[in-house]
Amino acid sequence: MGKLLIVDDEIDVREFAANFFRKRKLEVAIAGSGEEALEKIKQDKPDVVLLDIRMGGINGIQTLEEIKKIDPGIQVIMVTGTKPEENEAYHKCLELGAANYVHKPLKLEELEQVVFNTLNKDKVA
């Protein structure tokens, strides 16, 4: 079906999203930081990464850059709290090759649609 890596420094967000996708038969891994995400990407080779922009340590944009160096084929969906000052971040993420963008608070129906569309796009290509 596909492997999903969820990267968020808020444990409740991570666990909530992970449980949601596990019930939909996806293989799910979680990471609490950009650094941890990069290690998991090297080990697990996920198909799709759900990546929070604002985290301590290396942020989501820096993590996205590193993911694309490791494997340009990994689809990355950025997650943002959408503050006006993040508009620049939005453009930067698209420039760096983010597949999509979702906003917090996460709406499960939207999240499910975006993740599965991204997974399926990967299969068609």
Scanning region 13-25 residue by residue, the ones that are without any contact (Cβ under 8 Å) to a residue 40 or more places away in the chain and either buried (at least 19 other Cβ atoms within 10 Å of the Cβ) or in contact with a strand residue (DSSP E or B) (Cβ under 9 Å, 6 or more places away or on another chain) (or both) total 5
Taking region 102-117 only, how many residues are of a type outside the set (A, V, I, L, M) and either touching a helix residue (DSSP H, G or I) at 6+ places or on another chain (Cβ under 9 Å) or closer than 13 Å to residue 8 by Cβ (or both)? 4
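If you check residue 89 against the conditions, is it touching a strand residue (DSSP E or B) at 6+ places or on another chain (Cβ under 8 Å) and modelled with pLDDT of 90 or more?
Considered against the rule, which asks whether it is touching a strand residue (DSSP E or B) at 6+ places or on another chain (Cβ under 8 Å) and modelled with pLDDT of 90 or more, residue 89 comes out as no.
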Are there any pairs, at least 6 apart or on different chains, whose C-beta atoms fall under 6 Å, with the first in region 99-119 and in a helix (DSSP H, G or I) and the second at pLDDT below 95 and among the aromatic types (Phe, Trp, Tyr), and if so, which? none
Taking region 2-25, which residues are small (Gly, Ala, Ser) and either touching a helix residue (DSSP H, G or I) at 6+ places or on another chain (Cβ under 9 Å) or in a loop (DSSP other than H, G, I, E, B) (or both)? 2, 17
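Given the residues 69, 45, which is the only one that is more than 24 Å from residue 120 (Cβ to Cβ) and without any contact (Cβ under 8 Å) to a residue 60 or more places away in the chain?
One residue alone meets the criteria, 69.
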Which one of the conditions (1) surrounded by 13 or more Cβ atoms within 10 Å (Cβ to Cβ); (2) polar (S, T, N, Q); (3) over 22 Å from residue 113 (Cβ atoms) does residue 87 fail to meet, given that it meets all the rest? (1)
What is the one condition in (1) buried (at least 20 other Cβ atoms within 10 Å of the Cβ); (2) under 19 Å from residue 17 (Cα atoms) that residue 101 does not satisfy? (1)
Run residue 53 past the list (1) closer than 20 Å to residue 101 by Cα; (2) at pLDDT 95 or above and report the number of the one that doesn't hold. (2)
Which listed residue, of 77, 67, 41, 61, is outside any helix (DSSP H, G or I), surrounded by 13 or more Cβ atoms within 10 Å (Cβ to Cβ) and either of a type in the set (Val, Ile, Thr) or touching a helix residue (DSSP H, G or I) at 6+ places or on another chain (Cβ under 7 Å) (or both): 77
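The values are calculated or read from the model by the stated rules, or taken from the named source; none is laboratory data. Small disclaimer: the values here were computed from a predicted structure and weren't measured. Don't worry about glycine lacking a Cβ; one is built from the backbone with ideal geometry, like all the others, and counts go over all protein chains shown.
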